[in-house]
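Written below as structure tokens is the structure these notes are about.
The values are calculated or read from the model by the stated rules, or taken from the named source; none is laboratory data. Everything quoted here is computed from the prediction, not taken from an experiment. Here the Cβ positions follow ideal geometry from the backbone for every residue, glycine too, while neighbour counts run over all protein chains shown. In case anyone asks, the SASA skips ligands and DNA or RNA and just uses the protein heavy atoms, side chains included. Shrake-Rupley method; radii C 1.70, N 1.55, O 1.52, S 1.80 Å.
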Amino acid sequence: MGSQRVRQNPYTTRIPIANEDEFYGRAKIMADIFTRLKGSQCISLIGERRIGKSSILNALNFDELREINDVAPEYRFVLVDLQYINIRSEEDLLAYLVGEISDATGISVWGESHRHSLELIAIQAQRQELRLVIMLDEFDYLLHNDQIPPQFYAFLRAWITRFRVPFVTASREGNFEKITETDDTGSAFWNIFGNVYVGPFEEDEAIQLIQEPADRDGVEFDDEDVELVLDLAGFFPIFIQIACYHLFEHKQKGPQSEEFKEHLKRAFTVDTVSHFRYLKNRLTDLEIEYLNNFPVESNAREDRYTREGLLQKGILIRRQNETRIFSSLMKSFLFREDSSRRSLIQSVKSLLE
Amino acid sequence: MIDSRTTTELCDELDRKLQQQDIQPEDVGAREQLLRPVEVSVADLPSAPDVRRDTTAGCLIVLLWYKNHPTAADPESLFAELYHKSPLVRLTAANAISATVKSSHFYWSETRSIHDARQVLLNRRDAETSPIIGYQLDKLIEEVGKLRRTSKKKRRPKPRMNPYVAGLPVHGRGRFFGRDDILEQIEESFVRREGQKSIVLYGARRTGKTSVLLQIKDGALGKGFLPVYLDMQATAGTDLQSFLRILLRNTKAAVSEHFELAWDKLPDIQERTDFGILQPFLQGIIAELEDQALLLMIDEYEVLQRYRTEAPDLARQFQSLLEQETKLYVIFAGSQKLESLRQTGFSVLLDNARYIKISFLKTDEALKLIREPVEDAFTYDEGVPEQILEYTNGHPFYTQLLCQLIYDNVGSGKTATSEHLDAAVDQFLSNPSPHLILTWNAISKEQKVVAAALAELYSKEEPFQGTNEIGSRLHSDDNPVKLTVSEIQKTLTDLRTIDWIEQKPGMKAYRYTMELVRRWVIDNHSILDLAQGLHEKLISRVASFGRQTAASAIDFGICLVIGLLAATMLKASDSSIETLWLYLTPLIFSYVYLLVPLLTSGSTLGQRLLSLSLIGATAGKPSQSRRALYALLVLVRLTLVIPVFRLAGEIVITLADAPFLALAWLLTLVVLAMWLCLDILMLLFGKKHQGLYEKLTRLLVVHVPNEAE
């Protein structure tokens, strides 16, 4: 078929996915989110940094996903990325929000205040039988903004309840306790939210992300390649992207030399060391102790919960009836650094002595 | 139809014509004239023409047949023809490939094939010199691109939609279960009780108060009432005028839904809105209602107290309005403790109200909530709905949440089993709802400790536990908060208001109402966890070494200066009593100076000047006995320093008249340095700036920044 031109590497994504063609996996989560939204439930996306929360927000507006999840055409998803705006007051935020809704619906309003405008635009949307969904990305920016008074969140809660406009928020913090640690929003606001945990991919989703983009560009990642990537990246989409990027580059260079795997590991490590450190820092003392003693045969309640927590986070993965630390590199990374950390129980005991 | 002999003739003829004239793809007319008859001739052939493919004519004839029979084509062989030297062949090949795409040839169902093909097409497009073939290839690339997206779409299965949604308050009867008793109580209060004008609907968050109000808004109380709903949170942060304007605007909107009113006869609420307008406005509306009464429903009524400064008589005015207007009723709904509002001047309004508590669903209502939404999808194994209720006790929110997870776990199955329930409980515990976390965050540390102890004491044999058992458990676990039995009792009562625990009838014994919550407390907040968390929090507040030392220096400086002054004043005396007095004066002063504040407010003057405070190493305010012990240790320290102090005093007195005043002051500084050294040693013996004395008495010196700082 003639000479092949150099292919563009399809694994370059390091920012939230905005293109439908590049979005993989998350079938269960997307179905869960759409189900809740249809019931007007507000959702807080919880998960570690770079796990793909913002991509999921973008994906809510993808035609294909809307279609297969039977999302009616009258739904209008309004994405508000809070890191790009300078909010100096409640009025600033409301003006921005009204503007974004106006762009998404084509409705223009002018109220006596911006709160009133927000009410009017919701009334107009209801009259036109449009269903609004507000997606707030980087919600932490708002939570930590001193210019937004707690009463504003009470107003938002009332607005949400009255017009049945669900919110979907994504925050940088990995868990809900952290989000509400310096909570000025008031429990009434968060009470109407449900958590949706965004963890790593399922195994089949991970394999799809490894094989399909390369496949689409005519490069085959065989079973051995898949195992190699999974050994480095586990089921984390960002790590899979990075590992596949380097693998794709190696494949472009022609037949693989003996040292190819070592080269790949080195390149992958350089790209991921800060991510690995972050993941490690997010582990509790109990989890670190568990991993240090891994594999732990004990089925004691404490060990069971720690194991389940690590599986949920993707630090442990289960494949072919075997549980392992998600990445061989993470394993060495964990054991290399301060292995002498004390367990929580030990520290409690010493503190109470 | 033509036979194989004729096909060969056709091929030869086409070959001749091609040699005679150089027809390019862009010569549309000539091309059509040449190829159209050939295409028509071969289209009806039952199989691909058996002609030599090494000639241009042979290629064209075969490609034209495939163009008309795309499903029989091998697209890989068609791609090969895109490299043919004849542009007519290349164009016909592109058209044939296009036909295979449109015919949904099985080749295009493979993602791999699509990407291979796309790559070839992109390569050929780059190399193609003929504009019209280039155009055809562009179109083809686009068509294949669409296939690429479709191929991904096909892989995603359609999910089943979960019918359980624990989200916003419920509108309409479809998803609303139970609460008939609450609605009956409300109706009975207003209709049958003479003079009952207001109701307080109270209960913990997420028990369905707003949903009940929305049911009433949708007409659950019948046509006798014209309901007006106001969520007070919509007025949060606004002034009284805005609140009244929103109230009247909502009233106007609710009335307008039912009948036309001459609004121009009523006061203009845009101009000025105060209580003076509210009364005639509502009276004007009520006068127009024939057989109906106006029912104001004020949700999250606790917000009203924010207006108490702006309008101290607000509650009285509301009550007066209710008394005057026979056809005006109010329902207040909220979750805050009523007692706390009584103190804010709302007693006049709330004391006249009937209180109706909203809490768990009744068993039959909860079972209906579990079973009905999934009647068409699956059935629950025998006993599973009851097991769900063991976890949630019919709490509407938690029941929906568990059912939501069970639904996901059942997937396409037909039965929900106890395994599905167990998995759902595990999922909930690893990813609890914000409501649960926020409720926990909002309760006091005393409540947390008691809740943790009660959770740990539970056993199936004896689920109820008394205050004595809880007290013993707290004591044995060296808990961070020391509580007396009466304090435990009070804490348990507080926990009852959030529906977390219940009391055994007639006994002072308690247990968790929801096993789900108990499990979460056990897993996440054991007494040891609480001790650890609290201790770390306190340690992080311990004052810096410099600040603690500076406070000591201030105290010492004051003792020294006053002591020296007293000693100087008394130095002229020679009598032995006065000599004794000379030594005792600074000592007594220092004792009093240090002891009194330590025993009363818990910190010395130096500590207070530097915003330091003494607190217990595990809890807030230290007990009197701890403070007394601490004061005793400080006295020991002072007494240890006294001989040096006395010596310094004597030297100063001796040298005061001599020309060695500088030396006297140098000695004073030495004493000061010794005092500081002792303090430093004390602190170094301790841990994290917790001095030896503090460590012995289990106290901490913490920095409490004041507002100015």
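Using only the alpha-carbon atoms, what does the range B:287-415 span along each of its principal axes? Please give whole angstrom values in decreasing order.
The principal-axis extents, from largest down, are 61, 38, 21 Å.
With n ≥ 4 as the cut-off for DSSP H runs, can you work out [θ] at 222 nm for chain A, using -39500 (n - 2.57) per run divided by the number of residues, rounded to the nearest 500? Let's see the in-between values first.
Values: 17 runs with 184 residues, N = 353.
About -15500 deg cm²/dmol.
Compute the orientation-averaged projected area for the range B:361-511 from the convex hull of its Cα atoms and round it to one decimal in nm². Mind dumping the intermediate values first?
Working: hull surface 40.0 nm².
Averaged projected hull area, Cα only: 10.0 nm².
Can you tell me which of A:ASN281, A:ASN19, A:ASN321 moves the most in a GNM of chain A? Springs connect C-alpha atoms under 10 Å apart.
A:ASN321
Given the C-alpha centroids of the range A:47-120 and the range B:364-391, what is the distance between them in whole angstrom?
37
Which residue, B:ALA451, B:THR439, B:LEU402, has the largest displacement toward the positive end of the dipole of the range B:388-499 when charges sit on each Cβ (Lys, Arg +1; Asp, Glu -1)?
After comparing all options, I get B:THR439.
When Cβ neighbours within 10 Å are restricted to other protein chains, what is their mean count per residue of peptide B:86-99? Display every interim value, and only then the final one.
On the way: counts 0, 0, 0, 0, 0, 0, 0, 0, 0, 0, 0, 0, 0, 0.
Mean partner shielding for this stretch: 0.
Ignoring ligands, DNA and RNA, please state the percent of accessible area on chain A from carbon and sulfur, probe 1.4 Å.
Values: 7140 of 15460 Å².
Carbon and sulfur: 46 percent of the exposed surface of chain A.
How far is helix A:301-313 tilted, in degrees, relative to the longest principal axis of the Cα atoms in chain A, given as a value from 0 to 90 rounded to the nearest 10?
Computed tilt is about 80 degrees.
For the range A:195-235, state which residues have at least 10 Å² less accessible area in the presence of all protein chains than in their chain by itself, taking the probe as 1.4 Å and leaving out ligands, DNA and RNA.
Residues meeting the cut-off: A:ASN195, A:TYR197, A:GLN208, A:GLU212, A:ASP215, A:ARG216, A:ASP217, A:GLY218, A:GLU220.
Hey, what do the phi angles of the range A:230-246 turn into as Karplus ³J(HN,Hα) couplings, whole Hz, using 6.51/-1.76/1.60 and θ = phi - 60°, x for Gly and Pro?
5, 5, 8, 10, x, 9, 7, x, 5, 5, 4, 4, 5, 4, 5, 4, 5
Which aspartates and glutamates does B:LYS85 reach when only Cα atoms under 12 Å apart count, and residues fewer than 8 places away in its own chain are ignored?
Within reach: B:ASP54, B:GLU128.
I want to verify the translational diffusion coefficient of the range B:1-148 in µm²/s; compute it with Stokes-Einstein, Rh as the Kirkwood radius over Cα pairs, at 4 °C and 1.567 mPa s. Each step should come with its number before you reach the end.
On the way: Rh = 15.5 Å.
The estimated diffusion coefficient comes to 84 µm²/s.
Using just the C-alpha positions of chain A as equal point scatterers, what log10 of I(q)/I(0) does the Debye formula give at each q in 0.09, 0.10, 0.11, 0.12 1/Å?
Result of the Debye calculation: -0.61, -0.73, -0.86, -0.98.
Mind checking the dipole of the range A:1-99: about its Cα centre, +1 per Lys or Arg Cβ, -1 per Asp or Glu Cβ, Debye to the nearest 20? Write out the running numbers ahead of the final one.
Details: 13 positive and 14 negative charges, 100 e Å.
Using only the charged Cβ atoms, the result is roughly 480 debye.
Just to confirm, what accessible area per residue do you get for the range B:1-109 at 1.4 Å probe, in whole Å²?
50
Check each residue of the range B:420-438 and keep those whose accessible area, probe 1.4 Å, is at least 30 Å² smaller with all protein chains in place than in the chain alone; give them in order of residue number.
Residues passing the criterion (a loss of at least 30 Å², heavy atoms only) are B:SER430, B:ASN431, B:PRO434, B:ILE437, B:LEU438.
Tell me which of A:MET30, A:ILE87, A:TRP110 sits at the most positive position along the dipole axis of the range A:14-124, charges placed on C-beta atoms (Lys, Arg +1; Asp, Glu -1).
Farthest towards the positive pole: A:MET30.
Anyone know which of A:SER108, A:SER274, A:SER257 comes out most mobile in the 10 Å Cα GNM of chain A?
Of the options given, A:SER257 has the highest mean-square fluctuation.
Rounded to the nearest 100 Å², what is the buried accessible area between A and B, both sides summed, probe 1.4 Å? Let's see the in-between values first.
Details: alone 18480 and 36350 Å², together 48660 Å².
Buried: approximately 6200 Å² between B and A.
Under a point-charge model restricted to the Cβ atoms of Lys and Arg (+1) and Asp and Glu (-1), what is the dipole moment magnitude of the range B:409-560 relative to its Cα centre, in debye to the nearest 20? Could the numbers behind the result be given before it?
Working: 16 positive and 19 negative charges, 76 e Å.
That gives the range B:409-560 a dipole magnitude of about 360 debye.
What does the extension gain come out to for B:THR129 and B:VAL704, with contour length at 0.36 nm per residue minus their alpha carbon separation?
Values: separation 575, 0.36 × 575 = 207.00 nm, distance 8.12 nm.
Extending this stretch completely gives an extra 198.9 nm.
Heavy-atom accessible surface, probe 1.4 Å, ligands and DNA/RNA ignored: which residues of the range B:220-248 lose at least 30 Å² versus the isolated chain?
Those are B:ASP231, B:GLN233, B:ALA234, B:ALA236, which lose 30 Å² or more relative to the chain on its own.
Based on the Cβ-Cβ distance from B:LYS460 to B:LYS414, what FRET efficiency comes out when R0 is 45 Å, to the nearest 0.05? Mind dumping the intermediate values first?
Working: r = 32 Å, r/R0 = 0.70.
Efficiency for this residue pair is about 0.90.
Cα to Cα, under 16 Å, and not fewer than 8 places away if on the same chain: which aspartates and glutamates meet these conditions relative to A:LYS261?
In chain and number order, the partners are A:ASP222, A:ASP223, A:GLU224, A:ASP225, A:GLU227, A:ASP231, A:GLU249, A:ASP271.
Report, in listed order, any pair from A:LYS313/B:LYS460; B:LYS217/B:LYS414; A:LYS38/B:LYS368; B:LYS508/B:LYS537; B:LYS17/B:LYS102 with a Cα-Cα distance greater than 27 Å.
Details: A:LYS313/B:LYS460 33 Å; B:LYS217/B:LYS414 38 Å; A:LYS38/B:LYS368 22 Å; B:LYS508/B:LYS537 34 Å; B:LYS17/B:LYS102 31 Å.
In this structure, A:LYS313/B:LYS460; B:LYS217/B:LYS414; B:LYS508/B:LYS537; B:LYS17/B:LYS102 lie more than 27 Å apart at Cα.
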